[in-house]
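S.K.: The following block contains the structure, expressed as structure tokens.
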Amino acid sequence: MRKEDDLELLKAEREAADRDYNGALTRLDRAIQALPAAFPHPPPSLDEHQISPLNTLWKIEEPPVAGGVGGRIAAAIRHAVAPLFAQQQAFNSAVVDHINRNVPVARQTRESIETTLAVLHDQIETLAAFESLLVMFLQQITPYVDTRDRNVAGLLRGLSGAINAVADETMKRTEALLARERRHETRVADVETQLSELRRQLDEVTRALSARGPDHA
């Protein structure tokens with residue numbers, strides 16, 4: 001028996017294929033992505049509370065020079081520590097300049113992170129929606145195929161019925177032709193029998209005439 005004709009084997013193969021398909025569909029359904037419960041938020045905004053005071057207080061102001069002995073003493077002390085104040089002011093200037101340069105960078109970094117997180121959030125939502133629609137679509141394949149199978153089965157049943165009707169009509173016509181042929185053969189046999197009888201009778205007449213001879217002519 002051919003494999004195509006083994007209905008039990010075909011049924012077993014179909015059931016195995018259905019189980020594999022349903023198993024794969026279940027795994028795909030479980031793999032649908034979802035937004036995490038604790039989706040990350042952008043970092044807090046830059047604390048710029050001390051930016052303005054820093055830009056005001058970084059420069060060391062020299063007190064006014066007083067007169068007299070005290071003024072001369074203060075001037076001498078100022079001259080002695082002037083390199084230290086200059087160094088401190090240079091450091092303050094560098095720190096304030098560094099902070100001022102990093103403020104826009106920090107702002108842009110936070111804005112970039114916020115935008116990236118928003119895009120990521122939307123993309124995950126869109127992907128999850130697509131995966132859900134994909135699973136729903138795949139779930140419709142089996143009913144669709146079953147519908148097509150039933151449609152094909154219906155067409156085959158209709159075709160089988162038509163073939164059977166044609167076969168029945170052909171059988172009836174064949175039987176009618178055979179009956180007609182048999183009747184024809186019967187008539188031919190009757191004619192041949194009658195011809196044989198006529199030949200026999202003719203032969204008897206011929207023999208009888210021959211037996212009488214010329215004297216009876």
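Computed from the coordinates by the stated procedures, all read-outs in this text should not be read as laboratory data. For clarity, every value in this text was computed on a predicted model and none was experimentally measured. Ideal geometry is used to build each Cβ from the backbone, glycine not excepted, and the neighbour counts take in all protein chains shown.
S.K.: Tally Lys and Arg at +1 and Asp and Glu at -1 over the other residues with C-beta under 14 Å from the C-beta of Tyr21: what net charge comes out?
M.R.: Residues near Tyr21 contribute -3 overall.
S.K.: How much length, in nm to one decimal, is gained on full extension between Leu84 and Glu61, taken as 0.36 nm per residue of separation minus their Cα-Cα distance?
M.R.: The span from Leu84 to Glu61 would gain 6.9 nm if fully extended.
S.K.: If Lys and Arg each add +1 and Asp and Glu each add -1, what is the summed charge of the other residues whose beta carbon sits under 13 Å from the beta carbon of Ala90?
M.R.: Summing Lys and Arg as +1 and Asp and Glu as -1 gives 0.
S.K.: In the neighborhood of Leu35, defined by Cβ-to-Cβ distances under 14 Å, what is the net charge if each Lys or Arg adds +1 and each Asp or Glu adds -1?
M.R.: On the way: positive: none; negative: Asp122, Glu125, Glu131.
Every neighbour counted, the sum reads -3.
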